[in-house]
């Protein structure tokens with residue numbers, strides 16, 4: 001099989017989606033005042049591409065941090081980057097304060113001051129390693145000089161979202177309240193995935209796109225490996241199971257690149273992967289035999305900020321613990337399929353053979369549910385309640401004795417207009433059928449919810465399915481609303 005060739009950051013590649021982010025960057029570019037913009041988001045989500053592409057005409061200096069490099073190496077890289085901006089070469093500065101003085105000298109040249117200038121520091125956490133002195137020098141650069149330059153835009157970017165928030169956005173020191181704009185870049189939604197593939201002349205049905213998204217999510221770097229002329233199953237085989245599969249080891253690199261002491265984060269992730277309904281912090285602490293506070297709180301916050309985990313509030317009392325659910329598609333796929341088949345993967349067309357098996361159906365249900373949780377606004381739009389104030393939550397009830405029955409509802413949309421949409425999320429390759437047995441389970445579940453919560457609101461049983469709901473007497477009697485995966489592509 002031919003080796004993959006990367007096409008990242010091509011000059012002719014359009015910016016897909018990112019309308020709100022582009023509007024914010026446009027406003028910053030045209031504001032006529034100094035701007036300090038913080039951009040953060042998970043690894044390979046397209047932060048660098050967005051900044052470079054949007055500010056292509058104004059970008060005058062760019063420095064990218066190197067992972068685990070010495071301060072001397074970073075400073076040497078700075079000198080090389082500055083040489084590209086000026087007509088003469090620089091020796092390596094001895095410190096970051098000296099480096100920023102050189103940058104000020106270049107940016108302050110009279111010919112440059114007449115136009116908008118954009119300075120871009122990429123992978124800031126790698127530049128600002130411990131004892132490097134970068135962050136204090138950058139703070140001084142901005143506070144003493146940059147914040148006085150009406151033609152200057154400085155963009156700082158990092159994949160470690162928790163670091164960016166703690167060290168920059170919530171900083172109590174020199175950068176306190178200095179950031180003028182914050183952009184949190186998220187993976188593509190399904191509509192944007194569809195648009196991304198079309199720009200590469202890849203035309204797939206929405207069911208095929210849905211299956212791809214359930215495996216790799218909306219990270220542009222991963223989607224750029226998709227090849228035309230292949231089905232979703234063929235592409236997934238090539239991405240994870242072929243002899244030169246480009247994403248086979250991505251899971252191992254992903255967490256190590258984002259988090260210090262990433263082993264703790266991976267332990268939490270692996271525990272959450274074993275429980276589709278999610279776990280409370282107390283359950284996670286018990287499962288890992290960790291203390292409930294301290295490090296666990298930090299790990300969960302970092303995983304949530306980076307988009308790997310969703311914290312879903314429990315319906316009802318504020319004091320009830322939220323549930324944490326693993327929602328990162330590539331992580332779910334890796335832990336379910338790649339981890340268990342490390343030996344002898346090459347050339348087996350494994351995914352094509354697994355397609356349609358009971359294990360495949362179980363994974364599909366979990367992955368589709370996680371995807372739907374990222375598209376609740378689209379579901380609300382399809383239900384005609386976009387303008388209604390709502391809260392989304394999880395509901396679980398554990399049986400108290402042998403006579404009692406537990407129950408769980410995948411998603412509750414609690415509406416200000418006196419209605420609760422109790423959503424059942426189901427993946428199937430044909431219209432989903434509610435049979436007599438499942439109808440009885442649904443009635444028992446709704447009865448338990450009404451009894452335990454004592455809610456006075458109307459309960460609308462709502463189905464979100466991949467391929468529609470089969471029409472029969474049980475569907476007609478029980479279901480008030482049903483929407484298909486098509487609505488997830490709305491915007």
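The values are calculated or read from the model by the stated rules, or taken from the named source; none is laboratory data. Worth saying up front: this structure is predicted, and the values here are computed from it rather than measured. We place every Cβ from the backbone using ideal geometry, glycine too, and count neighbours over all the protein chains shown.
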Report the residue count in segment 94-114 for those that are part of a loop (DSSP other than H, G, I, E, B) and out of contact with any strand residue (DSSP E or B) (no Cβ under 9 Å at 6 or more places or on another chain).
8
What about residue 435, is it farther than 18 Å from residue 369 by Cβ, surrounded by fewer than 13 Cβ atoms within 10 Å (Cβ to Cβ) and at pLDDT 95 or above?
yes
Residue satisfying all of: in segment 315-336; in contact (Cβ under 8 Å) with a residue 24 or more places away in the chain and more than 27 Å from residue 361 (Cα to Cα); surrounded by the most Cβ atoms within 10 Å (Cβ to Cβ) among these
315
Residue list for segment 433-457, filter: within 16 Å of residue 475 (Cβ to Cβ) and touching a residue at least 12 places away in the same chain (Cβ under 8 Å):
433, 434, 435, 436, 438, 439, 442, 443, 445, 446
Residues 35, 24: which one is under 18 Å from residue 145 (Cβ atoms), in contact (Cβ under 8 Å) with a residue 24 or more places away in the chain and either outside the structural domain of residue 149 (by TED's automatic domain parsing) or within 34 Å of the chain's Cα centre (by Cα) (or both)?
35
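Residues checked against (1) part of a loop (DSSP other than H, G, I, E, B); (2) surrounded by fewer than 17 Cβ atoms within 10 Å (Cβ to Cβ):
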site: 204; (1), (2): yes, no
site: 227; (1), (2): yes, yes
site: 242; (1), (2): yes, no
site: 248; (1), (2): yes, no
site: 256; (1), (2): no, yes
site: 260; (1), (2): yes, yes
site: 275; (1), (2): yes, yes
site: 282; (1), (2): no, yes
Candidate set: segment 84-93, residues that are over 23 Å from residue 136 (Cβ atoms) and outside any helix (DSSP H, G or I); chosen: the one modelled with the highest pLDDT
86
Working only within segment 150-194, note down all residues that are part of a loop (DSSP other than H, G, I, E, B), more than 23 Å from residue 260 (Cα to Cα) and touching a strand residue (DSSP E or B) at 6+ places or on another chain (Cβ under 8 Å).
151, 178, 179, 180
With criteria (1) surrounded by fewer than 17 Cβ atoms within 10 Å (Cβ to Cβ); (2) in contact (Cβ under 8 Å) with a residue 40 or more places away in the chain; (3) outside any loop (DSSP other than H, G, I, E, B), residue 118 comes up short on (1)
Please find, within segment 128-148, the residue that is farthest from residue 66 (Cα to Cα) out of those that are in contact with a strand residue (DSSP E or B) (Cβ under 8 Å, 6 or more places away or on another chain) and in contact (Cβ under 8 Å) with a residue 60 or more places away in the chain.
147
Are any of the residues in segment 412-424 surrounded by fewer than 16 Cβ atoms within 10 Å (Cβ to Cβ) and touching a strand residue (DSSP E or B) at 6+ places or on another chain (Cβ under 6 Å)?
no
In segment 344-359, which residue that is assigned to a helix (DSSP H, G or I) and buried (at least 17 other Cβ atoms within 10 Å of the Cβ) is modelled with the lowest pLDDT?
350
Could you tell me whether residue 208 is over 27 Å from residue 106 (Cβ atoms), surrounded by fewer than 19 Cβ atoms within 10 Å (Cβ to Cβ) and touching a helix residue (DSSP H, G or I) at 6+ places or on another chain (Cβ under 7 Å)?
yes
Kindly list the number of the only condition in (1) without any contact (Cβ under 8 Å) to a residue 40 or more places away in the chain; (2) closer than 30 Å to residue 256 by Cα; (3) within 26 Å of the chain's Cα centre (by Cα) that fails for residue 198.
(2)
From the list 25, 50, 63, which residue is in contact with a strand residue (DSSP E or B) (Cβ under 9 Å, 6 or more places away or on another chain), surrounded by 16 or more Cβ atoms within 10 Å (Cβ to Cβ), at pLDDT 95 or above and under 21 Å from residue 114 (Cα atoms)?
25
Within segment 145-168, residues being over 17 Å from residue 29 (Cα atoms) and touching a helix residue (DSSP H, G or I) at 6+ places or on another chain (Cβ under 9 Å) number 11
With criteria (1) under 25 Å from the mean Cα position of the chain (by Cα); (2) surrounded by 19 or more Cβ atoms within 10 Å (Cβ to Cβ); (3) closer than 19 Å to residue 133 by Cα, residue 55 comes up short on (3)
Taking interchain pairs and intrachain pairs at least six residues apart, which have beta carbon atoms under 7 angstrom, with the first residue in segment 101-113 and on the phi < 0 side of the Ramachandran plot and the second modelled with pLDDT under 95 and loosely packed, with under 15 Cβ neighbours inside 10 Å?
106/86
Give segment 302-318 a look and list any residue that's closer than 15 Å to residue 396 by Cβ and part of a loop (DSSP other than H, G, I, E, B), or say none.
313, 315, 316, 317
Assigned to a helix (DSSP H, G or I), in contact with a helix residue (DSSP H, G or I) (Cβ under 6 Å, 6 or more places away or on another chain) and closer than 26 Å to residue 163 by Cβ: which single residue out of 137, 81, 72 fits that description?
137
